[in-house]
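So the structure is just underneath, and the comments pick up after that.
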Amino acid sequence: MTYGEYYYLIKNEMRLKDGVWVTSKPNIAIPPKMKRKDALKYYQQKFNNYWRQIDIKSVESFTYHHD
């Protein structure tokens, strides 16, 4: 998990309760910030793994075919 992903989790959980913004802090240590080069490699791997997991046959049934 990257520093940005950690803070995204926190911001995503924010709720307004009785006029005050509250959030639940994840039960993990705050990750250190990565160098730009390392972050690019990390997100490239994450993106590639995401696309590898998609079942192409199930996606093909949702594509639009113009007659």
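The values are calculated or read from the model by the stated rules, or taken from the named source; none is laboratory data. As the structure is a computational prediction, the values presented were derived from the model and not from experiment. Here Cβ is always computed from backbone atoms with ideal geometry, including for glycine, and neighbour counts include all displayed protein chains.
Report yes if some residue within segment 20-40 is within 15 Å of the chain's Cα centre (by Cα) and at pLDDT 90 or above; otherwise report no.
yes
(1) exposed (fewer than 10 other Cβ atoms within 10 Å of the Cβ); (2) modelled with pLDDT under 90: which one isn't true of residue 5, the others all being true?
Going through the list (1) exposed (fewer than 10 other Cβ atoms within 10 Å of the Cβ); (2) modelled with pLDDT under 90, residue 5 breaks only (1).
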